[in-house]
Amino acid sequence: MQKYKYVILGAGPSGLAFANRLLDSHETDFLVIEKADTPGGLCRSKEVDGAPLDIGGGHFLDVKRRKVLDFLFRFMPKEEWNIYERDSRIAIGDDIINSPIEANIWQLPIVEQVKYLKTIAIAGCNLGTAMPEKFVEWIYWKLGNRIADEYMIPYNKKIFGSDLDSLGTYWLNKLPNVSFDETLMSCLERKAYGSQPAHAQFYYPKRYGYGELWNRMAVKLDKHIIYNQQVHAIDINERVINDNIKAEYIINTIPWMEFKTIHGATSSILSAINSLKYSSVVIHYHTEDMKSNAQWIYYPDEALAHHRVLVRSNFCPDSRGYWTETNLDRYREDEAGNGFCYVNTYAYPLNTVDKPAKMMSLLSELKKRSVYGLGRWGEWQHYNSDVVVELAINLADRLVNKNLTQ
Ligand SMILES: Cc1cc2nc3c(=O)[nH]c(=O)nc-3n(C[C@H](O)[C@H](O)[C@H](O)COP(=O)(O)OP(=O)(O)OC[C@H]3O[C@@H](n4cnc5c(N)ncnc54)[C@H](O)[C@@H]3O)c2cc1C
C-alpha cells in the first residue's frame, strides 16, 4: 500500500491548482492521479492543422479575482497572453447579431424588433406574475415568448438535451430581467444597452492553446503526478484508492460515477451519485476559413447539429479554420465531414431540479470522512477554470492551516 497525506484525483485545472498550492506551502506529501496521458482536463489543447486547438471546446481566460490572476501568471506571465474584446454573435434566422440577444435586438430587421418588443412587454416578470418553477415556463416568464422560442429554448435543448424541465431554475437567477423600456430605447437609438456578458474582455495565449497554462502547472509537480491511471475504486472510510493508494485526505475532482466501486457508501451517497447527470460535447475541426470577425457564434437553429462555432483565426494567431461544438446525442458524422474530432464525455454537469440537495448531502457526508469534492465535477457546478482555481487555492490553504494548528 502506498501512503500519502493528500491524494488528488484528476489533473484538470482543479487538481493542478490544488497540488501547486500545496507546493507553495512546502507540502510535498501528495500524489495526483490522472487517467489521460496529458494534464489539463477540459482545458487541454492539441496541435491540429498547424495551430493549437482547444479539444475541450473554446476556452478563454477571464479572471475576476486578482489573487487568482497573480497565481496563474506565475506559470504563464502576462506578456505571453493577448487581450481581446469579446465579439460573440448569435445566428437568428438569416441574421447574425451580437450577443447577448436582449441588448442587441436593435440589430434585427424592424419587423422582427416589433415582434420581440411585443412579447417582452408582456413577459411574466414585467407584469409581476408569480415566478414558475419549471425551466421552460420560467424562460418564457423571464424573457418573453420571442427570445424564449427563437433562442433560449432551442439553444438550451441543443446543449443540455431535450428534457429541459428536468433542469432547475436556481442557476439562472443571475439572468437580468429584460426591460421593455430599455429594449425599446435601444431599438430607437440603434445601440446596445445593459451590462456586458461574461468574458467581455479575455486573455488567450499568444503562441499556444489554452492548454499550455495547465501543462506548465503540471511540469512543476514533477514526480508527484501519474498519468494513464484510471481511478475506479474508493474506500471512503479507509480513504483507499484502487485498493493500493492510501491517503489522509482525498481531493476528488473526477466525475463521481467514475467510481465503479465505493466501499463504505451509504444509501444516500449512492442515491446522490446515481442522480447526477451530464452532457457530452464533440469538437469538430473544419479547415475552411469563416468570414466573420467574431471569436465565436451561437447557433440555436435546431436543424443544425452544432450549437457553437469557434472562429479560431480570430483569437489564435497564425491559425486558420474553425471548429464546431455539438452535443454528442445530436452529433451526426455525415454532417461533420472528416476533420479532426474529439469527444468530451464529461462536458457539462446538468443542473437538475434535485441536484443542490443531493450534492449538499453527498459533499457533507464525505467531508466527515476527509474526502473532499472539488471543481466542476467534484462539486457538479458549471464553474469556469478561474473559479475552480480559486476554490482549489482556498481548500488547500484551509487543509494545510488545519494541519498546522492541530
Ligand atoms: C465547451 C466548454 C467551454 C468552456 N469555456 C470556458 C472558458 O472559456 N473559460 C473558462 O475559464 N472555463 C471554461 N470552461 C470550463 C472549464 O473547462 C472548467 O472550469 C475546468 O476544466 C474545470 O476543471 P476541473 O479540473 O474541475 O475539471 P476537468 O477539466 O474536467 O478535469 C478533470 C480531470 O479528471 C480526469 N479524470 C476523469 N475521470 C478520471 C478517472 N476515472 N481517473 C483519473 N482521472 C480522471 C480527467 O481526465 C481530467 O483531466 C468551459 C467548459 C466547456 C465544456
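Nothing in this text is a laboratory measurement; each read-out follows from the coordinates by a stated rule. Just so you know, these numbers come straight off a predicted model, no measurement behind them. Here the Cβ is made from the backbone with ideal geometry for all residues, glycine too, and neighbour counts use every protein chain on show.
Just a few scattered comments:
- Label point 7 Å beyond Cα of Ala357 along Cβ direction - residues of segment 124-152 with amide nitrogen under 16 Å: 133-134
- Within segment 100-189, the ratio Rg/Rh, alpha carbon atoms throughout and Rh by Kirkwood, equals 0.97.
- The relative contact order of segment 100-189 comes to 38 percent, based on Cα pairs under 8 Å that sit 6 or more residues apart.
- Local net charge near Gly58, Cβ-Cβ under 9 Å (Lys/Arg +1, Asp/Glu -1): 0
- Taking the DSSP beta bridges with both ends in the chain, the antiparallel portion is around 65 percent.
- Taking each residue as 0.36 nm, the span from Met257 to Lys174 lengthens on full extension beyond its C-alpha to C-alpha distance by 27.0 nm.
- For the chain, the Stokes-Einstein estimate of translational diffusion at 25 °C and a viscosity of 0.890 mPa s comes to 108 µm²/s, using the Kirkwood hydrodynamic radius over alpha-carbon pairs.
- Taking all Cα-Cα distances within segment 71-124, those exceeding 12 Å account for 73%.
- Helical contribution to [θ] at 222 nm, DSSP H n ≥ 4, -39,500 (n - 2.57), averaged over the chain, rounded to 500: -9000 deg cm²/dmol
- Dipole magnitude of the chain, debye to nearest 20 (Cβ charges: Lys/Arg +1, Asp/Glu -1, about Cα centre): 1120 debye
- All lysines inside 20 Å of Lys191 as judged from Cα atoms, apart from same-chain residues fewer than 8 positions distant: Lys115, Lys118
- Pairwise Cα distances in segment 49-152 exceed 15 Å for 73 percent of all pairs.
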